[in-house]
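A.B. asks: Following this message is one structure expressed as structure tokens.
The values are calculated or read from the model by the stated rules, or taken from the named source; none is laboratory data. Worth saying up front: this structure is predicted, and the values here are computed from it rather than measured. Glycine also receives a Cβ, built like all others from the backbone with ideal geometry; neighbour counts cover every protein chain displayed. Note: accessible area is taken over every heavy atom of the protein model, side chains too, but ligands, DNA and RNA are not part of it. Shrake-Rupley method; radii C 1.70, N 1.55, O 1.52, S 1.80 Å.
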Amino acid sequence: MWTSERMSNAKNWLGLGVSLYFWGLMDLTTPALSGSARPLAKSQEDNLSDKLLLHQRMKRSWVWNQFFVLEEYTGTDPLYVGKLHSDMDRGDGSIKYILSGEGAGIVFTIDDTTGDIHAIQRLDREERSQYTLRAQALDRRTGRPMEPESEFIIKIQDINDNEPKFLDGPYVASVPEMSPVGTSVIQVTATDADDPTYGNSARVIYSILQGQPYFSVDSRTGLIRTALMNMDREAKDYYEVIIQAKDMGGQLGGLAGTTKVNITLSDVNDNPPRFPQKHYQMSVLESASVSSTVGRVVAKDLDEGINAEMKYSFVDGDGLDVFDINTDPNYQVGIITVRKPLSFESKKSYTLKVEGTNPHLEMRFLNLGPFRDTTTVHISVEDVDEPPVFESSFYFVEVPEDVEIGTTIQIISASDPDVTNNSIRYSIDRSSDPGRFFYVDIATGALMTARPLDREDLSWHNITVLAVELNNPSQVGSVSVTVKVLDVNDNAPQFSRFYEAFVCENAKAGQLIQTVSAVDQDDPQGGQHFYYSLAPEAANNPNFTLRDNQDNTAWILTRRSGFRQHEQNTFYLPILIADNGHPMLSSTGTLTVHVCGCDDDGVVMSCNAEAYILPVSLSRGALTAILACIFVLLVLVLLILSMRRHRKQPYIIDEEENIHENIVRYDDEGGGEEDTEAFDIAAMWNPREAQVVVKSRQEMLPEIESLSRYVPQTCITDNNVHNYVLAKLYEADMDLWAPPFDSLQTYMFEGNGSVAESLSSLQSVTTDSDQSYDYLTDWGPHFKKLAEMYGVTEGNGALW
């Protein structure tokens, strides 16, 4: 039977904390005698029964209590835990005790002879609170079990060796400023690893070491509250609080731990906005575009976030409809912008009253208000040199297409909006009028036609007229002018296509052989209506007649029967087509009618193809003759063009000739009585006649003066003369054979700046003595011919 011995040593009983264990003998079927005893499990019972059969000991078993041992033993000798003993042990060492299970051999050892159990390592209840072990008694000689194996527990008894710890620290919390006393901030919690069921080792008390008098802490719960009223964030917004947790109920000797709590005061709207200055002075150019920024105003607010948001507005002033103010949400500033175009000449300054307001208010702080403030803004408009401004922003002009060249169709007027009121010069943006159909008077802005207009060619013209300040050409204004060309009846109607009809030999009188229609490029307001009739020379035509259908078509009918191919196989019928315009225009179209052989149903069987079809094939000789003729014609054409080119360019100089040997005669200068072919002044008095009788320009006479020589400052030129000049300009543009009289002649080899200086005889020496021309040889190859003419050779010897 297993037993545990009572320890007689009081030191081991009390100081080492070893409890008394007892072994009891009981039958397998007997229940436990006390609450601390427990029966064997069924598996152990079966195993034990087999072992008892071997030893013939059927009624022996054990009942087992717990061992207790203190943690954190610091002695040098192994800690005695208890003793195991079998009643079969006679003290002669024949019994061998074996210990197995958790920590056996590592933490706990057993004397295999005496059964004493010792702890050989330092024990920590917080790491492991108990160990489950098994004990067995064996015959030392045979190794047979003398007692059945039994299980027991060694529990570690707690001591106060762990201080409270704040596992979630350090803490961060916030509380609104101006909060009432006792407002909860945050709750802190400390944990003690000691056994809470044994003594006061795990009983924690909280206290505040730093943070008074602003905050307090509940000693039992660790809840932190505000302890001071009217804490202002703008004065101090951050507090560092240190909380202590002490075990043993806070008694002397208890262990303590601390944590830090960082408390921030959150903002409330308790500060009204204020403008740092009560007057702002700003300036803006009168050319500033709409929505451009003029300046900024700002109201300071000691609050932050949503409590510092501002809303700016105009509450008074003389520029409420000229300027706008908006709030920048990022920087909380008021941005003043231009709402309408400014004019220095109209108004030079504005005064505005700006108000800044907090949109988010808290009712409990309204007594600290008012939460708004005002300031005055004075805005000065600065003058700039502005481009000319047209009287109208857009011009629309309707012009008939038969308008005469030089006719004024619109007066374009612009003015300088500045105080200086500079003079204006007008011109046309040539990129908008590449055909140069129009001309604008540089001084008056009169828009005139410069070329004939044709609605059928171009019915709309969109041109841009420019206005430039005379004293500052960089200031340019522009306006769009739309010209609609109105239709006049200037195009005669024509056949819509080439008409070719066929008439059968067996055709009867009054038979329809063709329906004709016409087209007209004009576009009258009442629509097109054409009148058809036979031409006067065919009015009594015996073969065909015409019927006008009054729907812009006409029928061609046979007047007789009995057409024969061998008599006449083709008829040409002239038809007169007239429109309904004013004046009425007409044209003559020809209908070709072929006589063909037809069957009884009127289906064409055969026609005489020789009248209108070429032979299908040609012989080789005929083809060669045709190609030879074509070649001869090409040679003649090239020869004629070459001769005409030589006649048109009589002054082309041969490369081998020296330019200084040519004498050029000009017949277009002078002004004497014999100079009667240069210009016909009589045409100046009748410009309409000049438009009708166009003088041939094959004589290459310079009849047109350059328009760029004189720019009129005021419109003093007679209108008839001006129209004539425009007509002659159009004539020059249309004449491809006229030379460009507005050309610049450059002379490079005489006059001031050249090596030869002036060749004029006015500065020549007037004497009968011989002169030396040896210096001509120093002037280079350009004067070699001149040096030879004056008898200078390379050896400086005279020829005569």
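A.B. asks: Provide a single number: the residues in the range 421-466 that are within 42 Å of the chain's Cα centre (by Cα) and of a type in the set (Val, Ile, Thr).
C.D. replies: 6
A.B. asks: Residue under question is LEU209, and the condition is that it be over 24 Å from LYS260 (Cβ atoms), assigned to a strand (DSSP E or B), touching a residue at least 24 places away in the same chain (Cβ under 8 Å) and out of contact with any Asp or Glu (no Cβ under 7 Å at 6 or more places or on another chain); does it hold?
C.D. replies: Details: over 24 Å from LYS260 (Cβ atoms): no; assigned to a strand (DSSP E or B): yes; touching a residue at least 24 places away in the same chain (Cβ under 8 Å): yes; out of contact with any Asp or Glu (no Cβ under 7 Å at 6 or more places or on another chain): yes.
For LEU209, the condition - over 24 Å from LYS260 (Cβ atoms), assigned to a strand (DSSP E or B), touching a residue at least 24 places away in the same chain (Cβ under 8 Å) and out of contact with any Asp or Glu (no Cβ under 7 Å at 6 or more places or on another chain) - is not met.
A.B. asks: Any residue at all in the range 595-613 that's modelled with pLDDT of 90 or more and surrounded by 11 or more Cβ atoms within 10 Å (Cβ to Cβ)?
C.D. replies: Yes, the range 595-613 contains a residue that is modelled with pLDDT of 90 or more and surrounded by 11 or more Cβ atoms within 10 Å (Cβ to Cβ).
A.B. asks: Taking the stated definitions as given, is GLY477 within 30 Å of GLU398 (Cβ to Cβ) and of a type in the set (Gly, Ala, Ser)?
C.D. replies: In short, yes.
A.B. asks: Just to confirm my filter: which strands (runs of 3 or more DSSP E) fall fully inside the range 325-385 and include at least 2 residues that are open to solvent by less than 80 Å² (accessible area, probe 1.4 Å) and among the hydroxyl-bearing types (Ser, Thr, Tyr)?
C.D. replies: Answer list for the range 325-385: 349-357, 372-382.
A.B. asks: Taking the range 412-423 only, how many residues are open to solvent by 20 Å² or more (accessible area, probe 1.4 Å) and within 17 Å of SER393 (Cβ to Cβ)? Give the steps one after another, and end with the answer.
C.D. replies: First, pick out the residues of the range 412-423 that are open to solvent by 20 Å² or more (accessible area, probe 1.4 Å): 413, 415, 417, 419-423.
Okay, now just the ones that are also within 17 Å of SER393 (Cβ to Cβ), so 413, 415, 417.
Going through the range 412-423 one residue at a time, the tally reaches 3.
Matching residues to (1) surrounded by fewer than 19 Cβ atoms within 10 Å (Cβ to Cβ); (2) modelled with pLDDT of 90 or more; (3) assigned to a strand (DSSP E or B); (4) in contact with a Lys or Arg (Cβ under 6 Å, 6 or more places away or on another chain):
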position	(1), (2), (3), (4)
ASN269	no, no, no, no
PRO272	no, yes, no, no
GLN277	yes, yes, no, no
VAL284	no, yes, yes, no
ALA288	yes, yes, no, no
GLY295	yes, yes, yes, no
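A.B. asks: ILE442: more than 30 Å from CYS596 (Cα to Cα), open to solvent by 40 Å² or more (accessible area, probe 1.4 Å) and touching a Gly at 6+ places or on another chain (Cβ under 8 Å), yes or no?
C.D. replies: Numbers: more than 30 Å from CYS596 (Cα to Cα): yes; open to solvent by 40 Å² or more (accessible area, probe 1.4 Å): yes; touching a Gly at 6+ places or on another chain (Cβ under 8 Å): no.
No; evaluated as a whole, the condition is false for this residue.
A.B. asks: Mind checking which residues of the range 176-193 are open to solvent by 40 Å² or more (accessible area, probe 1.4 Å) and hydrophobic (A, V, I, L, M, F, W, C)?
C.D. replies: Passing the criteria: MET178, VAL181, ALA193.
A.B. asks: Just name the residue that is farthest from the chain's Cα centre (by Cα) out of those in the range 73-108 that are among the β-branched types (Val, Ile, Thr) and surrounded by 20 or more Cβ atoms within 10 Å (Cβ to Cβ).
C.D. replies: Only one residue fits best here, namely ILE95.
A.B. asks: Separate question: Among the residues of the range 227-249, which ones are open to solvent by 60 Å² or more (accessible area, probe 1.4 Å) and either assigned to a strand (DSSP E or B) or of a type outside the set (A, V, I, L, M, F, W, C) (or both)?
C.D. replies: Answer for the range 227-249, where residues must be open to solvent by 60 Å² or more (accessible area, probe 1.4 Å) and either assigned to a strand (DSSP E or B) or of a type outside the set (A, V, I, L, M, F, W, C) (or both): ASN230, LYS236, ASP237, TYR238, GLU240.
A.B. asks: Output the residues belonging to the range 565-584 that are modelled with pLDDT under 90 and surrounded by fewer than 18 Cβ atoms within 10 Å (Cβ to Cβ).
C.D. replies: GLN565, HIS566, GLU567, GLN568, ASN580, HIS582, PRO583, MET584
A.B. asks: Given the options ILE153, ILE186, ILE159, ILE224, name the one that is in contact with a strand residue (DSSP E or B) (Cβ under 7 Å, 6 or more places away or on another chain), closer than 20 Å to VAL69 by Cα and part of a strand (DSSP E or B).
C.D. replies: ILE153
A.B. asks: Next question, about the same structure. If you go through the range 113-148, how many residues are at pLDDT below 85 and acidic (Asp, Glu)?
C.D. replies: 4
A.B. asks: Does the range 511-534 contain at least one residue that is open to solvent by 30 Å² or more (accessible area, probe 1.4 Å), out of contact with any helix residue (DSSP H, G or I) (no Cβ under 7 Å at 6 or more places or on another chain), in a strand (DSSP E or B) and more than 15 Å from ILE577 (Cβ to Cβ)?
C.D. replies: yes
A.B. asks: Has the range 229-249 got at least one residue that is free of Cβ contacts under 8 Å to residues at least 24 places away in the same chain and farther than 22 Å from VAL175 by Cβ?
C.D. replies: No, there is no match, as no residue in the range 229-249 is free of Cβ contacts under 8 Å to residues at least 24 places away in the same chain and farther than 22 Å from VAL175 by Cβ.
A.B. asks: Follow-up question, since we're still on this one. Is it the case, given these coordinates, that ARG436 is surrounded by fewer than 14 Cβ atoms within 10 Å (Cβ to Cβ), of a type in the set (D, E, K, R) and part of a loop (DSSP other than H, G, I, E, B)? Before you say what the answer is, go through the steps one by one.
C.D. replies: Numbers: surrounded by fewer than 14 Cβ atoms within 10 Å (Cβ to Cβ): yes; of a type in the set (D, E, K, R): yes; part of a loop (DSSP other than H, G, I, E, B): yes.
Judged against the criteria, ARG436 is a match.
A.B. asks: Could you give me the residue pairs with C-beta distances under 6 Å whose first residue belongs to the range 331-346 and is free of Cβ contacts under 8 Å to residues at least 40 places away in the same chain, whose second residue is assigned to a loop (DSSP other than H, G, I, E, B) wherever it lies, and which are 6+ apart or on separate chains?
C.D. replies: From the range 331-346, the pairs are GLN332/MET310; VAL333/VAL298.
A.B. asks: Of all residues being assigned to a strand (DSSP E or B) and either open to solvent by less than 60 Å² (accessible area, probe 1.4 Å) or at pLDDT below 90 (or both) in the range 390-401, which is farthest from PHE323 (Cα to Cα)? Just the residue, please.
C.D. replies: PRO400
A.B. asks: Another question, then. Here are the criteria: (1) free of Cβ contacts under 8 Å to residues at least 60 places away in the same chain; (2) open to solvent by less than 30 Å² (accessible area, probe 1.4 Å). Tell me which single one SER150 does not satisfy.
C.D. replies: (1)
A.B. asks: Could you please tell me which pairs satisfy a Cβ distance under 8 Å, a separation of 6+ or placement on different chains, a first residue in the range 372-399 that is within 25 Å of TRP460 (Cα to Cα), and a second residue that is of a type in the set (Lys, Arg) and part of a strand (DSSP E or B)?
C.D. replies: Going by the 8 Å Cβ cut-off, the qualifying pairs are PHE396/LYS484; VAL397/LYS484; GLU398/LYS484; VAL399/LYS484.
A.B. asks: Just to check your reading of the model, which residue among ALA507, ALA518 is over 60 Å from the mean Cα position of the chain (by Cα) and not polar (S, T, N, Q)?
C.D. replies: Criteria check complete, one pass: ALA507.
A.B. asks: Can you give me the number of residues within the range 194-215 that are closer than 30 Å to ASN271 by Cα and either open to solvent by 50 Å² or more (accessible area, probe 1.4 Å) or among the aliphatic types (A, V, I, L, M) (or both)?
C.D. replies: Taking the range 194-215 first, the residues closer than 30 Å to ASN271 by Cα are 210-215.
Now restrict to residues that are either open to solvent by 50 Å² or more (accessible area, probe 1.4 Å) or among the aliphatic types (A, V, I, L, M) (or both): 210, 212-214.
Summing the residues that are closer than 30 Å to ASN271 by Cα and either open to solvent by 50 Å² or more (accessible area, probe 1.4 Å) or among the aliphatic types (A, V, I, L, M) (or both) in the range 194-215 gives 4.
A.B. asks: Kindly evaluate VAL468 against the criterion of being surrounded by 20 or more Cβ atoms within 10 Å (Cβ to Cβ), in contact with a Ser or Thr (Cβ under 8 Å, 6 or more places away or on another chain) and under 19 Å from VAL389 (Cβ atoms).
C.D. replies: Here the answer is yes, as VAL468 does meet what is asked.
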